[in-house]
Amino acid sequence: MVVLPLVPYFLLAIGIILGWRSNNGGLILTCLALGLAYFTLSLTANRNSGPNGFQVSISEATRILLPWNLAFFATLTRRRLFTPMGLVCAALVLFQAFLLLLFCQTLASPLSRLITEGKVTWPLFYRVLADYSTRLAGWLHQDALLDFTNLSVLALLSFAAALTFLALRFSRTRDALSAGFLGSLAAAFLGLSGGTGPSCMVYFSASGLTLLVSAVDISFSMAYLDELTGLPGRRSLNNELLNLGRKYAIAMIDVDHFKKFNDQYGHKTGDHVLKMIASKLKNITGGARVFRYGGEEFTAIFPGKSVDEALPHLEVYRKIIETSLFVLRGHERRSTDKKGKNPSNGNKKVKITVSIGIAAPGKDVTTPETVLKKADRVLYKAKMAGHNRVAT
């Protein structure tokens, strides 16, 4: 029982380290805010005296401020801590803690000596401050709705607004970290609504653990998945090559004339083309495992299949791409007209094709790496033969 209350601090400290390593300022600030909130509740629970203005004010203010902080920090996951915005947010968290201690005016506060000396030096200021602190206690500790007796109406509204915001954000991004922030806030809500007993420790531990799992998941995605297309990337491909059996076929797929397409329509439109190619490649038949190799090149591995067995599936995929016209929706061309203006493409339809080279282990190629290189050479042969074809 001595060690268990420290578990939330341990989990949140790991979260801060992960956020530091991944330059995730939002994760660092969220773990810091959760740690301060848990410390605040532990501080009020460990006082021997009954509920007073200090306890009511600091606990209720924590319940109101935490959801707003977590919702805001969820938007900072791509920012580093040591940037102007990151430092301002960190200072904001510490400033909130300072204000709570100041308004609560407790002798157990780290500001107790300052408060004691200040009452002698500025008696009028501290009488006004005491009056506002008493009003704050009565205002925050109102009767709650439903069965949430430990949450005021204002705290419930804060949590409802923050949970709604994070739910909408997750529905838009669909990434693990957004889900982690949503789950972490939900766990913190249960912890804060359950009082300051063992349940608070359990729920705050769950809150920190949720953030850790989502941070590890997003780190895995960054390392092994291609951000643009969502396909497994080169690192995943290398791992797959290490685990292939004796019989397999590897296909290299390249978008035809992609450089000219980028020069004419812009890289943003080119990215949309790559997404379209990848979305079709995910549905390729034959049990193929697909990867983004790099640039406009993709790789498909057919475990347990020969070249002849994999060829029909590649032909079907090539024809699907050939017949799927890509629609340009109002993007501007890079090329200019005679007046020097960029004309709009409107809803112009463009034909996209791919060239494919496929290879399998043989006498001259025995390892997956050499088979991959052979497939790349065969791909070049398909391009030289006129593009939009599968070469073996």
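The values are calculated or read from the model by the stated rules, or taken from the named source; none is laboratory data. Small disclaimer: the values here were computed from a predicted structure and weren't measured. Methodologically, a virtual Cβ is constructed for each residue, glycine included, from the backbone with ideal geometry; neighbour enumeration extends over all protein chains shown. Keep in mind that these areas ignore ligands, DNA and RNA; they rest on the heavy atoms of the full protein, side chains included. Shrake-Rupley method; radii C 1.70, N 1.55, O 1.52, S 1.80 Å.
Data table
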read-out: Count of segment 1-21 residues which are within 13 Å of R80 (Cα to Cα), open to solvent by 50 Å² or more (accessible area, probe 1.4 Å) and in contact (Cβ under 8 Å) with a residue 24 or more places away in the chain; value: 2
read-out: Which listed residue, of V216, V273, V255, is farther than 30 Å from T370 by Cβ, modelled with pLDDT of 85 or more and touching a strand residue (DSSP E or B) at 6+ places or on another chain (Cβ under 9 Å); value: V273
read-out: Residues of segment 83-109 classified as among the hydrophobic types (A, V, I, L, M, F, W, C), at pLDDT 75 or above and part of a loop (DSSP other than H, G, I, E, B), total; value: 0
read-out: Residue satisfying condition, being surrounded by 19 or more Cβ atoms within 10 Å (Cβ to Cβ), under 23 Å from Y203 (Cα atoms) and at pLDDT 80 or above, within set L76, L32; value: L32
read-out: Entirely in segment 283-392, the strands (runs of 3 or more DSSP E) that have 2 or more residues that are open to solvent by 30 Å² or more (accessible area, probe 1.4 Å) and modelled with pLDDT of 90 or more; value: 289-294, 297-303
read-out: One residue from G266, G245 being over 18 Å from G357 (Cα atoms) and either among the basic types (K, R) or touching a Pro at 6+ places or on another chain (Cβ under 9 Å) (or both); value: G245
